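Worksheet: the structure to be examined is printed underneath.
Coordinate-derived values only; no laboratory data. Remember, predicted model here, so these are calculated numbers, not experimental data. Methodologically, a virtual Cβ is constructed for each residue, glycine included, from the backbone with ideal geometry; neighbour enumeration extends over all protein chains shown.
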Amino acid sequence: MLGGDIRIKWSTGEQCADLVLDGEIDLSSDAGLETAVVISLFSDRRAGDEELPAGETRLKGWWGDSVSEIENDQIGSKLWLLYREKHLSEVAKRAKEYVEDALRWLTETRAASKVEVETELLEGGMLGIRARILRPGTNTATEFRYNYNWKAQEAERHGV
């Protein structure tokens, strides 16, 4: 995912990711981590043996995971599993685990020497996510902050 990716940016207001334009018609590129982090966090990873949210029957996931050359490689996070949960501290803790799991590939592939994650519950059904990523061989860190609105995600899933 690193290199010359087409740039994708998360919009807190829209609660979705979108391509970024460079000018009026050209797609912007991203040689950094932003696109990789957005895809890792906001794509729905296939559920394993976790309990699905009430009313949900699909396990989700990306079709490409089934043909990956890397055994058990999966793209995305399981944040989607929490969209019907109550706004409790234990949910923020599970969200942190899901974010750490989604970003683990950065250290496994040595794209990062360390990834630090914090999550917090915010007003209005929002989850605050902070990911601090240290580049290998440097003291340079890149920090990403996102607000993820579970209520907006639930409405989107049910066509509201």
Structure-based [θ]222 nm, the chain - -39500 (n - 2.57) summed over DSSP H runs of at least 4, per residue, nearest 500: -7000 deg cm²/dmol
Debye-sum result for the stretch 1-95 in log10 I(q)/I(0), which assumes one identical scatterer on each alpha carbon, at q = 0.19, 0.21 Å⁻¹: -1.04, -1.15
The stretch 1-75 and the stretch 80-132: distance between their alpha carbon centers, rounded to Å: 15
Distance between modelled label sites at Ser113 and Asn147, nm, 7 Å Cα→Cβ extension: 3.4
Theoretical FRET efficiency, 1/(1+(r/R0)^6), r = Cβ-Cβ of Cys16 and Arg135, R0 30 Å, to 0.05: 0.60
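Can you give the relative contact order of the chain as a percent, counting alpha carbon pairs under 8 Å and 6+ residues apart? Could the numbers behind the result be given before it?
Details: 268 pairs, mean separation 26.5, N = 160.
Answer for the chain is 17 percent.
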The chain - Rg over Rh from alpha carbon coordinates, Kirkwood radius: 0.96
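For the stretch 45-101, what Kirkwood radius comes out of the mean inverse Cα-Cα distance, in Å? Let's see the in-between values first.
Working: mean 1/r = 0.0808 Å⁻¹.
After inverting the pairwise mean of 1/r, the radius is 12.4 Å.
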Qualifying lysines (Cα of each under 24 Å from Cα of Lys86; at least 8 residues distant if same chain): Lys60, Lys78, Lys96, Lys151
